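S.K.: Below is a structure I'd like to ask you about.
No lab work stands behind these numbers, since they all come straight from the coordinates. Please read all numbers here as calculations on a predicted model, not as lab measurements. Ideal geometry is used to build each Cβ from the backbone, glycine not excepted, and the neighbour counts take in all protein chains shown.
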Amino acid sequence: MLFILVAIAYAFKAPPFSEKVGEIKAAEACPSLGSPSSAIPLLKKILPQRPAYSFDDTVTGGSNASGLNYNSSCLVTGGSEKLLLAARTESMPTEPAEGWLKWVKTTTISDSSVRSLTPFTVGDKAAASGNFAAIFLPCISEKKNRSPQYNISLTVELGRPGDASTRAGLIDLVQTMASYAHRKARCDMPLELSDI
């Protein structure tokens with residue numbers, strides 16, 4: 001009988017057979033996700049538990065005087081597993097918020113991520129589902145650069161279905177990213193985020 005109970009515990013990864021959950025270290029997490037003290041607890045909340053996490057951060061621009069070319073892409077994987085999370089930031093000329101939302105829906109990994117988007121109040125436009133969140137944030141004013149106003153488009157997408165809890169975590173994470181991107185892109189327009 002004891003053998004059967006041990007076999008069941010092993011099969012369902014119950015303690016003491018459960019896998020060790022990987023640690024997310026500040027030095028390894030993507031800087032483009034924002035402040036490690038804010039981003040890491042959010043990642044622990046929304047990512048599935050895996051024995052290890054890998055981060056790949058690609059950042060371009062943000063160092064010139066205007067900051068109009070700031071872009072970033074953070075990909076999070078769990079060991080040999082497929083993509084767990086993709087977070088992207090892109091500077092772009094402003095456009096009507098509805099046009100941006102239609103465009104951002106075409107940039108997702110999975111069409112199911114944007115089927116049930118509901119708005120939240122941040123920037124020019126913001127929407128989220130259980131595994132996707134996006135913000136269109138005013139950045140560079142028309143006066144400063146003598147060209148159209150520039151905004152920052154930010155998205156974060158989980159590689160798995162989510163729920164109301166992951167939606168809240170994704171909204172907080174995309175706002176943490178927005179705070180970081182606002183500084184890196186040298187935005188001159190006020191940053192207005194909800195309390196995070």
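S.K.: Can you give me the distance in nm between label points at Ser194 and Ser37, each placed 7 Å from the Cα along the Cα-to-Cβ direction?
M.R.: So the two model labels end up 2.3 nm from each other.
S.K.: Starting with the highest mean, order 106-117, 174-185, 129-140, 29-40 by the number of other Cβ atoms within 10 Å, averaged over the residues of each peptide.
M.R.: Top of the packing list down: 129-140, 174-185, 29-40, 106-117.
S.K.: OK, next. Sort the following peptides by mean Cβ neighbour count (other Cβ atoms within 10 Å, averaged over residues), highest first: 47-60, 158-171.
M.R.: 158-171, 47-60
S.K.: If you don't mind, another one. Pop a pseudo-label 7 angstrom from the Cα along the beta-carbon direction at both Leu83 and Asp111 and give the gap in nm to one decimal.
M.R.: 1.7 nm
S.K.: A further question on this structure: State the three equivalent ellipsoid semi-axes of the stretch 51-183, derived from the C-alpha gyration tensor as the square roots of 5 times its eigenvalues, in descending order and whole Å.
M.R.: Each semi-axis is √(5λ); the values are 26, 18, 11 Å.
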